[in-house]
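A quick write-up on the structure given underneath.
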């Protein structure tokens with residue numbers, strides 16, 4: 001079927017783009033990274049060397065240097081979704097007498113999301129400087145496993161405080177470093193972690209709300225048309241009762257942009273929802289994604305090298321102080337960052 005072919009191409013494109021993004025912006029050593037690396041080695045046998053070098057330099061510049069490209073892409077995707085929602089879904093739902101507050105909810109979430117986006121991208125994530133280094137070094141103790149005392153940052157020429165990391169994209173050391181987010185073009189650290197959490201939550205809520213309203217509109221169309229109780233004649237002239245696949249294909253042919261948008265926001269809701277749950281878990285346990293990854297890598301190396309009777313030993317997070325205090329640390333971090341002196 002034409003619908004199935006188009007939908008599979010669309011789904012493969014979205015999944016391939018997501019895999020490329022996760023691989024290039026993620027950490028080395030993951031299963032996805034190894035899989036794509038293996039595929040790249042196979043493709044290297046048929047792709048000219050010069051083209052490989054150009055592609056490698058382009059991907060490195062795209063994912064490992066500060067760039068506004070993903071910010072522009074982020075805004076373009078939001079504009080496309082909200083343009084389609086406003087142009088068609090909102091109009092149809094208004095005619096079907098959907099509640100006004102429900103129809104305006106995506107715009108309220110968009111306003112909050114844009115505010116959190118600006119705060120997250122413009123805020124100082126917790127850059128460690130010569131003037132605030134001594135103060136920040138006293139906030140967290142070294143656990144002796146993930147963070148060792150006396151480790152120097154060769155770029156900043158300073159001893160790394162516990163829970164800090166040097167960001168190669170921004171070229172600075174960041175206090176309580178979580179990760180560098182290409183979508184906000186900034187590091188996520190102690191001072192903007194709360195904005196990132198709210199940005200991510202509102203983004204997931206936006207996608208979920210648009211998906212629910214759009215799905216409700218399509219269901220309402222099906223119910224009003226009484227299509228489920230009808231029948232259709234195939235190419236061989238045989239009559240069949242309406243099936244789900246035929247119904248989806250009919251909706252796609254009738255509302256192609258709406259169905260494509262619905263598929264995109266559903267996929268986005270699932271991905272962002274899972275990522276929100278992961279970030280909530282990190283917040284409740286007082287971990288950063290950098291620490292979570294390093295602790296898993298430590299556990300794997302310890303499990304492989306230790307004796308069988310010692311394999312129950314695992315990394316202990318010394319920074320967790322209970323659920324309430326952990327959440328409080330996200331929204332009211334203990335930092336003493338450099339401030340401009342009043343003249």
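The values are calculated or read from the model by the stated rules, or taken from the named source; none is laboratory data. Worth saying up front: this structure is predicted, and the values here are computed from it rather than measured. Here the Cβ is made from the backbone with ideal geometry for all residues, glycine too, and neighbour counts use every protein chain on show.
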Considering the stretch 166-186 alone, what residues qualify as being touching a strand residue (DSSP E or B) at 6+ places or on another chain (Cβ under 8 Å) and crowded, with 24+ Cβ neighbours inside 10 Å? 173, 174, 175, 177, 178, 186
Positions within the stretch 127-161 being in contact with a helix residue (DSSP H, G or I) (Cβ under 8 Å, 6 or more places away or on another chain) and either without any contact (Cβ under 8 Å) to a residue 24 or more places away in the chain or more than 19 Å from residue 321 (Cα to Cα) (or both), in sequence order: 128, 158, 159, 161
Counting only residues that are surrounded by fewer than 14 Cβ atoms within 10 Å (Cβ to Cβ), over 19 Å from residue 147 (Cα atoms), over 14 Å from the mean Cα position of the chain (by Cα) and modelled with pLDDT of 75 or more, how many does the stretch 258-313 have? 1
Considering only the stretch 72-115, state which residues are touching a residue at least 12 places away in the same chain (Cβ under 8 Å) and either under 17 Å from residue 200 (Cβ atoms) or touching a strand residue (DSSP E or B) at 6+ places or on another chain (Cβ under 6 Å) (or both). 74, 78, 81, 106, 109, 110, 112, 113
Of all residues making up the stretch 66-96, the number that are more than 26 Å from residue 116 (Cα to Cα) and under 17 Å from the mean Cα position of the chain (by Cα): 0
Of all the residues that make up the stretch 132-178, how many are on the phi > 0 side of the Ramachandran plot and within 29 Å of the chain's Cα centre (by Cα)? 3
Evaluate the stretch 97-113: report whether one residue or more is assigned to a loop (DSSP other than H, G, I, E, B), more than 25 Å from the chain's Cα centre (by Cα) and surrounded by fewer than 12 Cβ atoms within 10 Å (Cβ to Cβ). yes
